[in-house]
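A.B. asks: First, the structure itself, so that you have it in front of you.
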Amino acid sequence: MNKPALADGALTPTDWTSPAMVARIRQRYAREARFKAMGLVALVISALFLAFLLYSIAGNGLTGFQSTEIRLNVAFKPEALGITAADLAGPDAEDRLRQADYGLIGGDALIARFPEVTDPGDQMDLEELLSPGTAAYLRETLVDNPALLGKSITLWVPAATDVDMLNKGQIDADLPALERGISDRMLGYYRQLKADGDIRTSFNTRFFTAADSRDPELAAIWGATMGSLLTLFVTLLISFPVGVLAAVYLEEYAPKNRLTDFIEVNINNLAAVPSIIFGLLGLAVFLGTFGMQRSAPVVGGLTLALMTLPTIVIASRVAIKAVPPSIRDAARGIGASPLQVVFHHVVPLALPGIMTGTIIGMARALGETAPLLMIGMRAFVVDVPASLTDPATVLPVQVFLWSDSVERGFVEKTSAAIIVLMVFLLMMNALAIYLRQKFERRW
Amino acid sequence: MYNPTEATMTVQDTGAIKMTARNVNVFYGDKHAIKDVSIDVRADEVTAFIGPSGCGKSTFLRCLNRMNDTVASARVTGEMRLDGQDIYDRQMDVVQLRARVGMVFQKPNPFPKSIYENIAYGPRIHGLARSRAELDEIVATSLKKAGLWDEVKDRLNDSGTALSGGQQQRLCIARAIAVNPEVILMDEPCSALDPIATAKIEELIEELRGRYAIVIVTHNMQQAARVSQKTAFFHLGDLVEYGPTSEIFTNPKKEKTKDYITGRYG
Ligand SMILES: Nc1ncnc2c1ncn2[C@@H]1O[C@H](COP(=O)(O)OP(=O)(O)OP(=O)(O)O)[C@@H](O)[C@H]1O
Ligand SMILES: [Mg+2]
């Protein structure tokens with residue numbers, strides 16, 4: 001017996017226990033569970049990919065931070081070095097020491113180490129155990145300590161890449177000689193040195209202090225790192241102020257009309273332009289029109305600034321937009337000029353967002369390879385660049401160059417360089433997160 | 001020159017008139033938000049704007065210190081004067097106008113800075129203090145005038161946003177006072193506050209009366225009756241009635257006013 005009011009349908013109480021309702025609820029739970037499971041699977045897949053990537057890079061690259069050294073008793077004989085006592089007495093003694101010929105004493109020390117090798121040809125082969133960097137290493141040792149002249153001293157000198165690879169287990173000694181690329185005789189010498197404890201693995205400090213080399217055991221990352229730092233410095237110097245000012249102008253000053261709409265669309269488009277196009281632009285404008293120097297960090301920095309600019313403009317505009325209008329009203333209401341409103345209130349409040357966007361843009365620039373190839377930053381550079389116009393290369397290009405190299409020793413260097421690059425990227429992202437947390441404000 | 005409309009008929013004494021509006025129209029694009037409004041604001045009185053939501057009270061208030069300039073679609077015609085000076089004149093410096101005609105907003109909007117900085121900012125940008133001591137003095141007196149000093153004197157370096165809503169609103173009033181304005185415009189300053197905080201603000205308005213010309217927008221009839229000497233009733237962009245508060249509330253001339261005040265409206 002319905003009351004008249006309830007006869008009207010809309011007022012009938014909902015029956016939450018009807019079969020249709022129960023089925024609907026069950027279906028809702030099932031959907032919920034399905035969605036959760038899919039999300040979990042996606043998460044696991046991406047975590048696996050990431051783990052695999054990190055594992056393979058770390059597995060390949062960690063040995064790149066180590067170098068193999070051979071213990072030798074080196075005699076700094078003046079006659080082998082081609083210097084006399086008289087040279088040392090003069091005022092230019094250090095220059096004389098520097099210019100001396102260190103090519104022989106390393107080999108001589110090895111010949112003394114293996115007295116059973118008597119054939120001159122075989123004795124020549126012995127030298128191949130040593131890195132071509134040995135001479136330079138011995139030179140530094142003597143220049144640092146001239147008193148060693150005429151004396152013998154036990155030193156750990158860098159080993160050649162083949163010995164390095166053998167020592168790190170990256171050449172399988174059990175393979176036939178042809179396949180492993182090392183003669184049985186060399187393998188014998190290595191085993192003898194190893195058995196006598198004359199081979200050691202140590203931290204490769206050179207890797208973090210020198211630049212590129214043709215020899216994998218001497219190739220180092222510091223040159224490319226400096227190149228990256230110099231390039232990014234130029235990029236930041238140009239793109240941050242220009243990007244922020246452009247964003248401030250567009251958000252706070254520009255009238256909203258067709259022209260600014262057009263500009264806005266184009267900035268968004270620029271952010272999506274493939275980076276190689278910016279490389280071509282840099283090539284045409286900076287090298288072609290202005291005749292700037294190839295391979296220079298300043299050109300690389302300018303090119304990357306072009307690429308980073310839209311990212312910074314967009315991030316800054318979003319950050320500026322997020323500043324509540326009430327703050328602008330408050331400042332205006334007590335008579336702050338438009339400039340004061342912007343620079344005393346809006347920009348400081350937007351700064352965390354602006355900085356986050358900038359750091360993310362810079363991190364992208366740090367990892368960018370293609371545009372820099374276009375402007376010649378793929379040169380083989382053996383000196384650490386010291387100024388904005390020195391020829392330089394950058395970390396990702398160094399990775400590319402080494403990975404392109406046929407020598408086996410460069411495999412671990414490539415991965416080591418990737419690790420260095422990723423550490424930098426991680427640090428930049430961590431900084432971005434830190435800044436965001438630290439300056440996050442509530443209003 | 002002085003041509004009071006019917007609505008302003010009751011204002012006779014022109015000696016203490018701070019701001020005048022004559023035949024003001026405001027358009028947002030095609031929307032006619034204020035229709036031919038003329039009003040006088042006296043220096044020694046509190047003027048209340050009342051009226052149903054959307055009738056244009058805020059719009060008119062924001063015209064008085066040209067805050068509407070920032071709304072791209074807004075267009076103002078007619079004449080508005082501050083001490084006889086046309087505020088929409090080309091010669092008028094808007095920044096200075098806003099320092100002379102301060103504003104307190106509906107939602108408390110302190111800067112996310114320290115309490116001290118909130119107050120000191122205005123005097124600093126206008127160069128009102130020659131030394132740190134003078135600035136300290138301005139901050140202290142402004143907070144005292146706003147009745148906030150005792151509550152915050154020990155924590156001037158705390159963030160202004162950490163205060164309660166009512167305290168924030170008084171901080172905003174102190175901030176407006178600190179630049180030594182001649183007129184203070186308040187747009188529903190108590191709408192976000194509880195009755196106790198509201199009572200404090202009302203006391204404060206009572207104290208400030210006489211020192212500053214005050215214009216307040218409110219939806220609270222009792223509040224308008226309590227704090228104001230003149231009341232203007234707006235309806236759909238028209239100024240329906242304007243006169244002494246006591247008259248408006250006890251003996252309104254227009255039927256619409258009467259309906260609104262007695263709550264029979266809409
Ligand atoms: N920026 C704007 N652009 C377009 N129209 C606007 C704008 N601001 C206000 N209006 C319109 O103008 C009219 C008056 O608005 P106003 O804010 O002045 O009303 P109000 O009387 O203050 O109302 P309330 O009591 O709700 O605050 C309204 O119809 C509103 O929709
Ligand atoms: Mg309003």
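A.B. asks: Roughly how many whole Å is it from the C-alpha centroid of the range A:407-425 to that of the range A:178-240?
C.D. replies: Each part reduced to its Cα centre gives a spacing of 10 Å.
A.B. asks: If exposed means no more than 10 neighbouring beta carbons inside 10 Å and the site is in a DSSP loop, what's the longest run of chain B without any exposed trypsin sites (Lys or Arg not before Pro)? The partial results should precede the final answer.
C.D. replies: On the way: sites that count: B:R90, B:R130, B:R264.
Segment B:131-263 is the longest.
A.B. asks: Quick one: if you take sqrt(5λ) for each eigenvalue of the C-alpha gyration tensor of the range A:66-203, what semi-axes come out, biggest first, whole angstrom?
C.D. replies: On the way: eigenvalues 192, 46, 28 Å².
Gyration-tensor ellipsoid for the range A:66-203: 31, 15, 12 Å.
A.B. asks: Considering only A:G121, A:L178, A:A147, whose Cα is most displaced toward the positive end of the charge dipole of the range A:66-203, charges sitting on Cβ of Lys, Arg (+1) and Asp, Glu (-1)?
C.D. replies: A:A147
A.B. asks: I've got another one for you. If you keep only loop residues by DSSP, which trypsin sites (Lys or Arg not before Pro) in the range A:211-264 have at most 15 other Cβ atoms within 10 Å of their Cβ? Each step should come with its number before you reach the end.
C.D. replies: Working: sites: A:R214, A:K256, A:R258; in loops: A:R214, A:K256.
The qualifying sites are A:R214, A:K256.
A.B. asks: Before I look further, what does the range B:16-131 give for accessible area per residue, probe 1.4 Å, in whole square angstrom? Display every interim value, and only then the final one.
C.D. replies: Numbers: 4410 Å² over 116 residues.
Counting only protein heavy atoms, the per-residue value for the range B:16-131 is 38 Å².
A.B. asks: How about the range A:232-333: which chymotrypsin sites (Phe, Trp or Tyr not before Pro) there are in a DSSP loop, with at most 11 other Cβ atoms within 10 Å of their Cβ? Walk me through the intermediate numbers first.
C.D. replies: Details: sites: A:F233, A:Y249, A:Y253, A:F262, A:F278, A:F286, A:F290; in loops: A:F290.
Those that pass, being in a loop and sparsely packed, are A:F290.
A.B. asks: Where does the protein assembly as shown land at 222 nm, in deg cm²/dmol rounded to the nearest 500, when only DSSP H runs of n ≥ 4 count, each adding -39500 (n - 2.57), divided by all residues? Please report the intermediate quantities before stating the final value.
C.D. replies: Numbers: 30 runs with 352 residues, N = 709.
The per-residue figure over the protein assembly as shown is -15500 deg cm²/dmol.
A.B. asks: Something else now. Can you give the average number of partner chain beta-carbon atoms within 10 Å of each beta-carbon in peptide B:102-113, as a whole number? Mind dumping the intermediate values first?
C.D. replies: Details: counts 3, 6, 2, 4, 1, 3, 2, 10, 4, 8, 9, 4.
Per residue, the number of nearby Cβ atoms from other chains is 5 on average.
A.B. asks: From the convex hull of the Cα coordinates of chain B, what is the mean projected area in square nanometres? Numbers along the way, then the final one.
C.D. replies: Details: hull surface 57.8 nm².
With the hull built on Cα positions only, its mean projection is 14.4 nm².
A.B. asks: With a 1.4 Å probe on protein heavy atoms only, tell me which residues of the range A:312-337 lose at least 50 Å² of accessible surface in the complex relative to the chain by itself.
C.D. replies: A:D329, A:A330, A:R332, A:G333, A:I334, A:G335
A.B. asks: Now for a different question. Sticking with the crude label model, points 7 Å out along Cα→Cβ, report the distance from B:D86 to A:V265 in nm, one decimal please.
C.D. replies: For the pair B:D86/A:V265, the computed spacing is 4.1 nm.
A.B. asks: Roughly how many Å² is the accessible area per residue of the range A:66-203, as a whole number, for a 1.4 Å probe? Before the final figure, lay out each step's value.
C.D. replies: Numbers: 7020 Å² over 138 residues.
Per residue, the range A:66-203 has an accessible area of 51 Å².
A.B. asks: Which of A:K321/B:K31; B:K153/B:K230; B:K113/B:K144; B:K31/B:K258; A:K77/A:K194 have a Cα-Cα distance over 29 Å?
C.D. replies: Numbers: A:K321/B:K31 26 Å; B:K153/B:K230 35 Å; B:K113/B:K144 19 Å; B:K31/B:K258 27 Å; A:K77/A:K194 27 Å.
Among A:K321/B:K31; B:K153/B:K230; B:K113/B:K144; B:K31/B:K258; A:K77/A:K194, the Cα-Cα distance tops 29 Å for B:K153/B:K230.
A.B. asks: Provide the buried accessible surface between chains B and A in square angstrom, both chains summed, 1.4 Å probe, rounded to the nearest 100.
C.D. replies: Heavy-atom accessible area buried at this interface is about 1600 Å².
A.B. asks: OK, next. Carbon and sulfur atoms: what percent of the 1.4 Å accessible area of the range A:222-439 do they account for?
C.D. replies: Values: 6810 of 9460 Å².
The computed percentage sits at 72.
A.B. asks: Measuring from centroid to centroid over Cα atoms, what is the spacing of the range A:27-45 and the range B:164-239 in Å?
C.D. replies: The range A:27-45 and the range B:164-239 have Cα centres separated by 55 Å.
A.B. asks: Further question: Using DSSP, restrict attention to beta bridges with both residues in chain B and report what percent are antiparallel, rounded to the nearest 5.
C.D. replies: Details: 25 of 43 bridges.
Taking every DSSP beta bridge within chain B, about 60 percent pair in antiparallel fashion.
A.B. asks: Looking at the protein assembly as shown, what % of its DSSP beta bridges pair antiparallel, to the nearest 5?
C.D. replies: Beta bridges within the protein assembly as shown, antiparallel portion: roughly 70 percent.
A.B. asks: Then there is this: Compute the accessible area per residue over the range A:222-439, keeping the other protein chains in place, probe 1.4 Å, unit Å². Before the final figure, lay out the partial values.
C.D. replies: Numbers: 9460 Å² over 218 residues.
Per residue, the range A:222-439 has an accessible area of 43 Å².
A.B. asks: Can you pull the percent of the range A:66-203's accessible area that's carbon plus sulfur, 1.4 Å probe, other chains left in place? Mind dumping the intermediate values first?
C.D. replies: Numbers: 3610 of 7020 Å².
Carbon plus sulfur share of accessible area: 51 percent.
A.B. asks: Partner chain Cβ atoms within 10 Å, averaged over the residues of A:338-349 - can you pull that number for me? Please report the intermediate quantities before stating the final value.
C.D. replies: On the way: counts 3, 1, 3, 2, 0, 0, 5, 4, 0, 0, 3, 3.
Partner-chain Cβ atoms within 10 Å, mean over residues of A:338-349: 2.
A.B. asks: Cα-based Rg (one decimal) and Dmax (whole number) for the protein assembly as shown, in Å?
C.D. replies: Answer for the protein assembly as shown, Rg first and Dmax second: 40.0, 128 Å.
A.B. asks: Also: If N is the number of residues in the range A:296-443, what value comes out of its Cα radius of gyration divided by 2.2 N^0.38 Å? Walk me through the intermediate numbers first.
C.D. replies: Working: Rg = 20.4 Å, N = 148, 2.2 N^0.38 = 14.7 Å.
That ratio works out to 1.39.
The values are calculated or read from the model by the stated rules, or taken from the named source; none is laboratory data. In this text the structure is predicted, and so the values were computed from the model without any measurement. Quick reminder, even Gly has a Cβ in these numbers, built from the backbone with ideal geometry, and neighbours come from all protein chains shown. In case anyone asks, the SASA skips ligands and DNA or RNA and just uses the protein heavy atoms, side chains included. Shrake-Rupley method; radii C 1.70, N 1.55, O 1.52, S 1.80 Å.
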